[in-house]
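Chemist: Would you mind keeping the following structure in view while I ask a few things?
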Amino acid sequence: MLDYIHLDTDVPVLSQLPSPFMSAAFLLHPFVQMPPGWEQAKRKHPSHHIYPSDGEILQLGTPVSWENMMKQSGLATFKEVAIALSNVWLHKKYAKPHLAKKLNAIFQQNLYGPMEDTISIFLIEDVLNVLVSKGSEWFYYVDPIEEKKEKMRINNVSPVEVTCLATCEILLVDENREFAFMSEYDAYTTLLLSKEDNIHTLIQEYGWEAVICDNETTPAWFLPKE
């Protein structure tokens, strides 16, 4: 069993990994495109805050890559997109309102930002496939808020059921501890941990957008080093 990993923001990720994990990457959560008219049909009044449910996203939604959003907004890097998304809660020395303005300018009806705090529903099927890929039949999940640790059979759970296991942060790990996937509070990413060095190959195989950790990458990978 593996406990939830509370990462020190200023310390390189790789130096904080528990055994047997050796490599890590931040998987970027896609933006969400819903069909034309979806938001209008859902909105009850002008100020009504709307975000599609996981079930609605799986049934009707389309993932939009960070690369696509960069091309439309003029943002130059994944780091700039992450800062734009996080601008409202960043300390003023890191905040970049002009980047947030660029990103917000391309939002239209039926387009939503990436999911935060928990693993994106767009990634869950891939996550389950990875967890089972080395022969595991079970996975463990840890909910640090509710202090829950439970075991589930991989083939008996649906993607939507996985997203309902925790209200916020969660860690998923296969029974053989080959891989782990962890979400963090206020993050638009999922941290992938692997006991192998070929994490690049895995990311390419699944077509994920990702920031692969080197010896200097910290949990605050998108902020400038002081």
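Chemist: If a/c stays under 1.5 just call it rounded; otherwise compare a/b with b/c (prolate if a/b is bigger, oblate if not). Do that for the stretch 36-142, with a ≥ b ≥ c from the square roots of the Cα gyration tensor eigenvalues. List each step's numbers first, then the result.
Modeler: Numbers: a/c = 2.04, a/b = 1.32, b/c = 1.54.
Judged from the Cα gyration tensor, the stretch 36-142 comes out oblate (a/c at least 1.5, b/c at or above a/b).
Chemist: Shifting gears a bit: Per-residue accessible area for Trp89 at 1.4 Å probe radius, Å² rounded to 10?
Modeler: 110
Chemist: Take the Cα atoms of the stretch 103-226, find their three principal axes, and give me the spread along each one in whole Å, biggest first.
Modeler: Computed over the stretch 103-226, the largest-to-smallest principal extents equal 45, 35, 29 Å.
Chemist: For Glu150, tell me the accessible area in Å² from a 1.4 Å probe, rounded to the nearest 10.
Modeler: 80
Chemist: Let me ask something else. Picking from Ala41, Ala105, Ala25, which is most flexible by a Gaussian network model of the chain using Cα springs under 10 Å?
Modeler: Comparing Ala41, Ala105, Ala25 in the GNM, the peak value goes to Ala41.
Chemist: Pairs of alpha-carbon atoms within less than 8 angstrom and 6+ residues apart define the contacts here; what relative contact order does the stretch 107-209 have, in percent? It would help to have the intermediate numbers written out before the result.
Modeler: Working: 154 pairs, mean separation 29.9, N = 103.
About 29 percent, as a whole number.
Chemist: To continue, here is another question. Given the convex hull of the Cα atoms of the stretch 148-218, what is a quarter of its surface area in nm²?
Modeler: On the way: hull surface 23.9 nm².
Answer in nm², one decimal: 6.0.
Chemist: Excluding ligands, DNA and RNA, what is the solvent-accessible area per residue of the chain at a probe of 1.4 Å, expressed in Å²? Display every interim value, and only then the final one.
Modeler: Working: 11570 Å² over 226 residues.
Here the residues of the chain average 51 Å² of exposed surface.
Chemist: Still on this structure: Among rounded, prolate and oblate, which fits the stretch 47-102 when a ≥ b ≥ c are the square roots of the eigenvalues of its C-alpha gyration tensor, a/c under 1.5 means rounded, and a/b larger than b/c means prolate? Please report the intermediate quantities before stating the final value.
Modeler: On the way: a/c = 2.62, a/b = 1.54, b/c = 1.70.
It comes out oblate by the Cα gyration axes.
Chemist: Same structure, new question: At 7 Å along the Cα-to-beta-carbon direction for both His49 and Trp221, put a label point, then send me their distance in nm to one decimal.
Modeler: So the two model labels end up 2.8 nm from each other.
Chemist: If you plug each phi of the stretch 179-188 into the Karplus form 6.51 cos²θ - 1.76 cosθ + 1.60 with θ = phi - 60°, what whole-Hz ³J(HN,Hα) values come out, in order, with x for Gly and Pro?
Modeler: Once rounded to whole Hz, the list reads 9, 9, 10, 9, 9, 10, 4, 6, 10, 9.
Chemist: On to the next question. Tell me, in nm to one decimal, what length is gained between Asp214 and Ala76 on full extension, where the rule is 0.36 nm per residue of separation less the Cα-Cα distance? All intermediate terms of the calculation are to be shown ahead of the outcome.
Modeler: Values: separation 138, 0.36 × 138 = 49.68 nm, distance 2.10 nm.
Residue separation times 0.36 nm, minus the Cα-Cα distance, leaves 47.6 nm.
Chemist: ³J(HN,Hα) across the stretch 158-173 via Karplus (A = 6.51, B = -1.76, C = 1.60, θ = phi - 60°), whole Hz, x for Gly/Pro?
Modeler: 8, x, 5, 5, 5, 5, 8, 5, 9, 7, 9, 4, 7, 10, 10, 9
Chemist: A further question follows. Explain nothing, just compute: Karplus ³J(HN,Hα) = 6.51 cos²θ - 1.76 cosθ + 1.60, θ = phi - 60°, for every residue of the stretch 208-222 in order, whole Hz, x for Gly and Pro.
Modeler: Taking θ as phi minus 60°, the curve returns 7, 7, 7, 10, 7, 6, 9, 5, 10, 6, 9, x, 8, 4, 8 Hz for the stretch 208-222.
Chemist: Name the residues whose placed amide hydrogens come within less than 5 Å of the amide hydrogen of Val64, ignoring near sequence neighbours (fewer than 5 apart) on the same chain.
Modeler: Phe31, Val32, Gln33
Chemist: Oh, and also: Using a probe of 1.4 angstrom, how much of the accessible area of the chain is carbon and sulfur, in percent?
Modeler: C and S fraction of accessible area: 49 percent.
Chemist: Candidates [x] -0.34; [y] -0.43; [z] -0.29; which is the computed log10 I(q)/I(0) by the Debye sum over Cα atoms at q = 0.08 Å⁻¹?
Modeler: Step by step, log10 I(q)/I(0) by the Debye sum over Cα atoms at q = 0.08 Å⁻¹ for this structure corresponds to label [z].
Chemist: Bins of 10 Å, beginning at zero and ending with the bin holding the largest distance: percent of Cα pairs per bin for the stretch 105-150, please.
Modeler: 19, 35, 29, 14, 3
Chemist: Per-residue accessible area for Tyr94 at 1.4 Å probe radius, Å² rounded to 10?
Modeler: 40
Chemist: With an 8 Å cut-off on Cα pairs and a minimum separation of 6 or more residues, tell me the relative contact order of the chain in percent. List each step's numbers first, then the result.
Modeler: Details: 381 pairs, mean separation 76.1, N = 226.
Result for the chain is 34 percent.
Chemist: Right, something else. Can you list the residues, at least 5 places off or on another chain, whose amide H is less than 5 Å from the amide H of Glu196, using H built in the peptide plane?
Modeler: Residues meeting the amide H criterion: Met22, Ser23.
Chemist: What FRET efficiency comes out for Thr201 versus Ile145 if R0 is 41 angstrom and r is the Cβ-Cβ distance? Round to the nearest 0.05. Could you put the intermediate results ahead of the total?
Modeler: On the way: r = 34 Å, r/R0 = 0.82.
Computed FRET efficiency for Thr201 and Ile145: 0.75.
The values are calculated or read from the model by the stated rules, or taken from the named source; none is laboratory data. Note that the coordinates shown come from a computational prediction; the quantities given were computed from them, not determined experimentally. With ideal geometry, Cβ positions are generated from the backbone for all residues, glycine too; neighbour counts draw on all protein chains shown. Accessible surface is based on the protein model in full, side chains and every heavy atom, while ligands, DNA and RNA are left aside. Shrake-Rupley method; radii C 1.70, N 1.55, O 1.52, S 1.80 Å.
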